[in-house]
1. What about residue 150, is it of a type in the set (A, V, I, L, M) and modelled with pLDDT of 95 or more?
2. Looking at (1) part of a strand (DSSP E or B); (2) surrounded by 15 or more Cβ atoms within 10 Å (Cβ to Cβ), find the lone condition where residue 175 falls short.
3. Give the number of residues within segment 145-166 that are farther than 28 Å from residue 130 by Cβ and either in contact with a Pro (Cβ under 7 Å, 6 or more places away or on another chain) or of a type in the set (Gly, Ala, Ser) (or both).
4. From (1) closer than 25 Å to residue 44 by Cα; (2) at pLDDT 95 or above, pick out the condition that doesn't hold for residue 100.
5. Output yes when any residue across segment 105-112 is of a type in the set (A, V, I, L, M) and surrounded by 16 or more Cβ atoms within 10 Å (Cβ to Cβ), and no when none is.
6. For segment 122-150, give me the residue count where each residue is loosely packed, with under 14 Cβ neighbours inside 10 Å, in contact with a strand residue (DSSP E or B) (Cβ under 7 Å, 6 or more places away or on another chain) and either touching a residue at least 24 places away in the same chain (Cβ under 8 Å) or not aliphatic (A, V, I, L, M) (or both).
7. Restricting attention to segment 155-186, which residues are touching a Phe, Trp or Tyr at 6+ places or on another chain (Cβ under 9 Å) and among the charged types (D, E, K, R)?
8. Got a number for residues in segment 66-79 being touching a strand residue (DSSP E or B) at 6+ places or on another chain (Cβ under 6 Å) and either part of a loop (DSSP other than H, G, I, E, B) or not aliphatic (A, V, I, L, M) (or both)?
Amino acid sequence: MKLKSLLLATLLFAALAVSASAQQKAVERRQSDSFQGPVKSVRIEQATFRRVGGEPVETPRRLISFVNYAPDGKSREVVDYAPDGSVQYRYTYFYDDEGRDVETSQFDASDHLLRRSVYIPQAGEELVYNGDGSLRERSVLVWGYDGRRVGTMVYDGAGALKERHVGTREGGLSVWSVYRPDGTLKRRDTNTPNNGGPAAPCCRPTARTVRSSAAKSWTGTPRRPNSASSWRWGATRRKSRHVRRASSTRTRI
């Protein structure tokens, strides 16, 4: 009788634990992720438009990335593809309950680990490891009185200072200055306040590349945060526009 009661109590406890785990809210917003909500997968394709005889002509679309998300939203896997369709790189991202990216790993086409970075929120540090596990770099974040990040101290694997990053606001723009260990200026990056990317120069491109992504969700509809259009400029001065379409599907196991 006692054994039967003990067995029933164990089963009840296990059922309650599973129920509590299932009721935990999934991560809705992930750091450095373009989609919010219960995303299941994203397929990203790219096509280039050029003007031929005054008419836009689209090149065949090719798959450049495929993203898989965990049901709880706390991890995702990104596979990048080369122009010939072969796997180029694979990335894994892991997030904490607040959606912060706490671990990222990069693998080559043969699935060999190339790089792993670990973010420790409590210490305000990011550790970057080589594929063999040796420490490559350590970054210490510097925070202002208002809670904003105002700088970063970057050290190499041996502990020597490599760079010092200082962030300031100038005319509504975010300016990051990078200094060498001797204090001399290495470079300055001016970022737009909307998306954090470099301010776009003023020129007229002759061609544009359109990237479209179709998203499937675990439940409901994936959402993309409101943000300004992303512009990327290369030697050929092509204009890149990211267009993402989200389609809602039912949960699939």
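1. no
2. Here residue 175 meets the rest and fails (2).
3. 1
4. (2)
5. no
6. Count: 3.
7. 162, 163, 164, 186
8. Number satisfying all stated conditions: 7.
The values are calculated or read from the model by the stated rules, or taken from the named source; none is laboratory data. Treat the numbers as computed from the prediction; the structure is a model and nothing was measured. Cβ sites come from the backbone with ideal geometry, for glycine too, and all protein chains shown count toward neighbours.
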